[in-house]
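Here is the structure we will look at, set down as structure tokens.
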Amino acid sequence: MKKLGVFGLILVLMAFCACTKQEKPTGEVEAVTLPEIDISGSPNGIVTLPDNVPSAISDIFVKYTKILAPNGKPIHFLAQEAWTDVQIAHARNVLRYLLEDFQGSEYGSDKSIIANNMADRKATMVLFNTPEELEKAFDTPLREVDLSMQDLRANECPAEGNEDYMNHITRDAAYEEIWHLVHDNGVKLLLPDMVAEMRQANDRAAEKGWKAWPEDEPQEHPNEYVGVLIDNYLDLWTVRPKKYEGRDIGPEDVPDNTSHFGRYFANSREKLKNQDPLGYALFNKFFHPYLTYTPILPEDFEGTFSLAFDESLVYPYKSQHLINVTLAGSNNAELIGNAYGNKLTGNKGDNLLTGGAGNDTLDGGEGKDTAVFFGAYSEYTITKKEGYYTIIDNKEDRDGADVLKNIEELKFSDRIFKFS
């Protein structure tokens with residue numbers, strides 16, 4: 001039998017995963033479902049599955065988290081043991097981003113109806129270790145569980161600050177797969193005008209070379225297409241990832257200036273805007289242009305995490321779309337902001353915090369922390385208010401006006417200023 005290459009294996013997995021979305025079972029038999037699970041006692045909102053969870057679920061998954069829709073009902077996350085808490089938090093953050101109201105947008109100004117409908121349908125992200133674990137799980141009573149499920153695997157979900165993310169090793173599928181959960185349980189059912197525009201943009205992109213999947217399910221193509229738009233708008237393919245679910249990705253698998261293994265004809269926000277204007281416009285009618293959530297970096301993170309674009313590094317192609325970031329643990333580390341109004345939060349270590357352009361909030365936390373500015377000391381106005389300082393750059397378009405909390409010293413281009 002002819003051996004499949006990486007691209008062939010990818011197509012097989014795409015087709016399989018498209019078939020694993022589980023709808024609620026129907027019939028007279030009472031369905032197995034999740035009980036109410038309290039996560040309030042966990043600092044990160046992630047808990048071990050309690051004993052009252054049915055075995056059809058607890059035999060497969062070990063961790064749980066959720067977000068609450070405006071109607072007070074949960075949207076669930078179930079994770080297997082290979083998932084770290086940082087990865088689970090990343091998946092949860094992605095859902096928060098997708099459901100964040102985008103005031104003034106055509107379709108996304110009020111996403112409460114989408115979140116509520118997802119919760120009513122018991123929408124659930126099922127976070128598997130590997131594709132093999134996924135396939136095995138749906139040969140068990142899990143198939144009969146009363147949850148509307150969408151899968152994601154541990155080896156396709158790098159989280160901000162971990163080694164995989166910093167070195168841009170693994171293709172991040174979290175945005176695409178979690179979008180499918182939002183689409184199937186909300187957008188498809190409640191936003192007919194958006195769905196019609198998705199079809200129009202998808203069909204126009206197909207004329208330009210977009211090759212959608214599954215090839216025998218054309219009704220799913222606009223859904224997959226929007227997943228591709230999200231990835232490219234967030235520059236996840238601008239630099240080619242090195243692995244797909246643990247498999248090496250080579251140049252032959254992703255032709256230059258394409259994404260999704262050559263199936264889409266652009267690989268960055270800039271190229272998306274120029275080459276697929278209908279898709280670019282559609283994105284901006286529902287999704288925020290920047291990532292609205294605040295990632296908490298792993299406790300063992302050390303070194304520098306930059307939100308400012310730096311073409312000498314691979315990860316800022318992704319991190320440039322963040323606006324906030326928080327350090328954890330006690331390692332000394334540095335955070336660098338971008339042109340947005342950033343909120344940079346330190347940890348127990350000694351931190352360097354650089355807001356850069358925009359009006360930023362810099363909170364050093366514990367330790368001896370330094371805020372960094374680009375100009376000379378004489379070019380800034382420093383004022384003190386209750387519990388914090390405001391540092392105003394008197395030169396336009398440089399450091400803006402920053403609010404400082406728990407900062408012990410300021411580093412200017414010509415001197416160090418220490419608070420007494």
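In this entry, the range 254-399 is assigned a mean projected area of 11.3 nm², taken as a quarter of its C-alpha convex hull surface. Values of log10 I(q)/I(0) for the range 100-165 across q = 0.18 Å⁻¹ run -0.87, by the Debye formula with one identical scatterer at each alpha carbon and no solvent. Using 0.36 nm per residue and subtracting the Cα-Cα separation, the extra length available between GLU144 and ALA308 on full extension is 54.4 nm.
Considering only beta bridges that DSSP places wholly inside the range 275-410, some 30 percent are antiparallel. Helix 221-233 and the longest principal axis of the Cα set of the chain meet at an angle near 20°. Label sites at ALA56 and LYS242, each approximated as a point 7 angstrom past Cα along Cα to Cβ, lie 4.2 nm apart.
Which percent of the accessible heavy-atom area of the range 195-259 goes to carbon and sulfur, probe 1.4 angstrom? Summing carbon and sulfur atoms, their accessible area is 47 percent of the total for the range 195-259.
Only Cα sites of the range 28-78 enter the Debye sum here, all with the same form factor; the resulting log10 I(q)/I(0) across q = 0.20 1/Å is -0.73, listed in q order. For a paramagnetic label modelled on GLU36 (point 7 Å from Cα along Cα→Cβ), amide N atoms under 14 Å away belong, within the range 57-80, to 72-74.
Annotation: the antiparallel percentage among DSSP beta bridges lying fully within the range 22-169 is about 45.
Expressed as cubic angstrom per residue, what is the convex hull volume of the alpha carbon set of the range 379-420?
With only Cα atoms used, the range 379-420 gives 71 Å³ per residue.
Taking 12 Å as the cut-off, the amide N atoms of the range 339-360 that come nearer than this to a point 7 Å along the Cα-to-beta-carbon line of SER330 belong to 348-350. Computed over the range 179-275, the range of Cα coordinates on each principal axis works out to 39, 30, 26 Å, biggest value leading. Loop-located trypsin sites (Lys or Arg not before Pro) in the range 303-356 (DSSP state not H, G, I, E or B) with no more than 12 neighbouring Cβ atoms inside 10 Å do not occur. Here the range 200-254 has an Rg and Dmax of 12.7, 35 Å, counting Cα atoms alone. Note on the chain: antiparallel DSSP beta bridges, both residues inside, total approximately 40 percent of the bridges counted. Using C-alpha pairs under 8 Å with a sequence gap of at least 6, the mean separation divided by the residue count of the chain gives a relative contact order of 11 percent.
Straight distance only, please: which aspartates and glutamates reach the Cα of LYS385 with their own Cα at less than 18 Å, same-chain residues fewer than 8 apart left out? Straight-line reach from LYS385, under 18 Å: ASP360, ASP363, ASP393, ASP402, GLU408, GLU409. Surface exposure of the range 130-262, expressed per residue as accessible area with a 1.4 Å probe, stands at 36 Å².
Taking the Cα centre of the range 51-129 as reference, the dipole from Cβ charges on Lys and Arg (+1) and Asp and Glu (-1) amounts to some 80 debye.
With helices as the sole contributors, the chain gives -7500 deg cm²/dmol at 222 nm; each DSSP H run of n ≥ 4 counts as -39500 (n - 2.57), and the sum is divided by every residue. Remark: relative contact order (the range 145-248) = 35 percent; criterion is Cα-Cα distance under 8 angstrom and separation of 6 or more residues. The charge dipole of the chain, taken about the Cα centre with unit charges on the Cβ atoms of Lys, Arg (+1) and Asp, Glu (-1), comes to about 500 debye, rounded to the nearest 20. Average accessible surface for the range 343-420: 53 Å² per residue, computed with a 1.4 Å probe over protein heavy atoms with every protein chain in place.
Set against the 2.2 N^0.38 Å expectation for a compact globular protein, the range 245-287 has a Cα radius of gyration ratio of 1.36.
Here the range 159-209 is treated as a sphere whose radius is the Kirkwood value from Cα pairs; by Stokes-Einstein at 25 °C and 0.890 mPa s it diffuses with a coefficient of 184 µm²/s. Shown here: the range 338-420, whose C-alpha atoms stretch 33, 27, 24 Å along the first, second and third principal axes, sorted largest to smallest.
Each part reduced to its alpha carbon centroid, the range 228-276 and the range 93-135 end up 23 Å apart.
What are the semi-axes of the equivalent ellipsoid for the range 268-350, taken as the square roots of 5 times the Cα gyration tensor eigenvalues, largest first, in whole Å?
Numbers: eigenvalues 174, 37, 17 Å².
Its equivalent ellipsoid spans semi-axes of 30, 14, 9 Å.
Each 5 Å bin from zero holds the following percent of Cα-Cα pairs in the range 52-109: 4, 15, 21, 19, 18, 10, 6, 4, 2, 0. Counting only residues at least eight positions apart within a chain, or on another chain, the lysines with an alpha carbon under 18 Å from that of LYS136 are LYS21.
The alpha-carbon atoms of the range 100-225, seen along their principal axes, cover 37, 36, 35 angstrom, with the largest extent given first.
Listed values (i) 38, 26, 21; (ii) 35, 28, 24; (iii) 31, 26, 22 include one computed from this model; for semi-axes √(5λ) of the Cα gyration tensor in Å that value carries the label (i). Once all protein chains are placed together, GLU144 keeps about 110 Å² accessible to a 1.4 angstrom probe. For the pair ALA281 and ALA401 in one chain, pulling the backbone fully straight at 0.36 nm per residue adds 40.0 nm over the alpha carbon distance.
The values are calculated or read from the model by the stated rules, or taken from the named source; none is laboratory data. Note that the structure is a prediction, hence the values are computed from the model and not measured. Glycine also receives a Cβ, built like all others from the backbone with ideal geometry; neighbour counts cover every protein chain displayed. Accessible surface is based on the protein model in full, side chains and every heavy atom, while ligands, DNA and RNA are left aside. Shrake-Rupley method; radii C 1.70, N 1.55, O 1.52, S 1.80 Å.
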